[in-house]
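Accompanying notes for the structure given below.
The values are calculated or read from the model by the stated rules, or taken from the named source; none is laboratory data. Here the structure is a predicted model, which is why all the values come from computation and not from measurement. Cβ placement follows ideal geometry from the backbone for every residue including glycine, while neighbour counts extend to all protein chains displayed.
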């Protein structure tokens, strides 16, 4: 049975699609016509939450732009990015920013959006405004199920991540698992997928609990579960709230490892909140600066030389998105978004810093791009063995 939140999300999308359809043809044609004649800089929007979520997303994207421009640009044209920062972190601001971008007919592509519901709603605006959109943090499976032509993501969906995490837990020998989630579409969806897969492969799920992402006191939750016997907690939720959940679990005497999704993939955010309580937290990642593949190692060296810091997964997501868009524009010999999107949709075995991957016809990423990492002393260290298959 569909959850109320998913029902609401589908209804919202339907309304947005019907609203957008009234001006779809005019917007798409106007942007395409400008792109067909354009000879000036190629404009790409970057949308993120710089102040609310600690990451190097902007830095990764800008490093890609700098490399491309120093190499002569794309078909003789430079790339110029415009930052649109979601100061409040709200879905409403994501929509406001998307509409602002859509009214700029010089803009041919958008990269980013951290809020997953915000990215879904923004994708409708971009689709019906004829703008190419590569989402770098969107993992809700339904994101790619609307038949859109301009919308892609370079991060695996929760359907993929949840199954791979269950396989990882099984391989590492964890048996009795408590599953908790933050009641959001993304967090609960990830937990549901993990639970289903875990049950099929012989992992004992001892219970399911949930908490509010907007909550502040999680001690009653852990007081309730202390009577259960479990060897690890699977956490379907994201930073920063997940950091507080981990912190309060330790304060209540719950000392087993936490295993989470990509929503926990911010070492600085989690460690700033939970400190040593977060020691040993395990998450999947699309990138780690100590990865053993050549493209990732080269990116790490260049990033460190430029910023004197190691790149995180979000830096790699932004970097690869810019590079893959630029590559498609170069092959297409135009910035007309629908033509560029066609080249992306049939991209196969792209050797990016995330790994080697392709895009499906639905705009999903497919390939070996998942590893696992563990939080130690405020930094994520790559685990030697990861479940990297996306089920292809």
### Query
Can you name every residue in the range 156-168 that is assigned to a helix (DSSP H, G or I) and in contact with a helix residue (DSSP H, G or I) (Cβ under 9 Å, 6 or more places away or on another chain)?
158, 159, 160, 161, 162, 163, 164, 165, 166, 167
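For the range 23-73, how many residues meet the condition of being assigned to a helix (DSSP H, G or I) and closer than 17 Å to residue 334 by Cβ?
Going through the range 23-73 one residue at a time, the tally reaches 11.
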### Summary
Only one of 193, 184 is crowded, with 21+ Cβ neighbours inside 10 Å, modelled with pLDDT of 95 or more and out of contact with any strand residue (DSSP E or B) (no Cβ under 8 Å at 6 or more places or on another chain), namely 193
### Query
What's the number of the condition residue 381 fails, among (1) surrounded by 15 or more Cβ atoms within 10 Å (Cβ to Cβ); (2) in contact with a strand residue (DSSP E or B) (Cβ under 7 Å, 6 or more places away or on another chain)?
(1)
### Query
Does the range 38-53 include one or more residues that are loosely packed, with under 14 Cβ neighbours inside 10 Å and either touching a strand residue (DSSP E or B) at 6+ places or on another chain (Cβ under 6 Å) or on the phi > 0 side of the Ramachandran plot (or both)?
no
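So that you can scan it fast, the table gives a plain yes or no per residue for (1) crowded, with 22+ Cβ neighbours inside 10 Å; (2) modelled with pLDDT of 95 or more; (3) not assigned by TED's automatic domain parsing to the domain that holds residue 263:
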position	(1), (2), (3)
55	yes, no, yes
64	yes, yes, yes
71	no, yes, yes
77	no, yes, yes
108	yes, yes, yes
130	yes, yes, yes
### Task
For the range 169-179, indicate whether the set of residues that are under 18 Å from residue 383 (Cα atoms), touching a strand residue (DSSP E or B) at 6+ places or on another chain (Cβ under 7 Å) and either assigned to a helix (DSSP H, G or I) or assigned by TED's automatic domain parsing to the domain that holds residue 138 (or both) is non-empty.
yes
### Task
Have a look at 318, 363 and point out the one that is on the phi < 0 side of the Ramachandran plot, surrounded by 19 or more Cβ atoms within 10 Å (Cβ to Cβ) and either outside any loop (DSSP other than H, G, I, E, B) or under 20 Å from the mean Cα position of the chain (by Cα) (or both).
318
### Query
Is one or more of the residues making up the range 259-268 within 30 Å of residue 40 (Cβ to Cβ) and at pLDDT 95 or above?
no
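The rows are residues; the columns are (1) farther than 30 Å from residue 236 by Cβ; (2) at pLDDT below 95; (3) outside the structural domain of residue 107 (by TED's automatic domain parsing); (4) in contact with a strand residue (DSSP E or B) (Cβ under 7 Å, 6 or more places away or on another chain).
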| position | (1), (2), (3), (4) |
| --- | --- |
| 308 | yes, no, no, no |
| 312 | no, yes, no, no |
| 337 | yes, no, no, yes |
| 340 | yes, no, no, yes |
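Restricting the search to the range 120-139, which residues are part of a loop (DSSP other than H, G, I, E, B) and over 16 Å from residue 284 (Cβ atoms)?
128, 129, 130, 131
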### Message
Every residue in the range 329-343 that is part of a helix (DSSP H, G or I), buried (at least 24 other Cβ atoms within 10 Å of the Cβ) and touching a helix residue (DSSP H, G or I) at 6+ places or on another chain (Cβ under 6 Å), please.
### Response
329, 340
### Message
Please determine whether any residue of the range 344-360 is in a helix (DSSP H, G or I), under 22 Å from residue 108 (Cα atoms) and in the same structural domain as residue 68 (by TED's automatic domain parsing).
### Response
yes
### Query
Taking the condition assigned to a helix (DSSP H, G or I), crowded, with 22+ Cβ neighbours inside 10 Å, in contact with a strand residue (DSSP E or B) (Cβ under 9 Å, 6 or more places away or on another chain) and modelled with pLDDT of 95 or more, does residue 326 pass?
yes
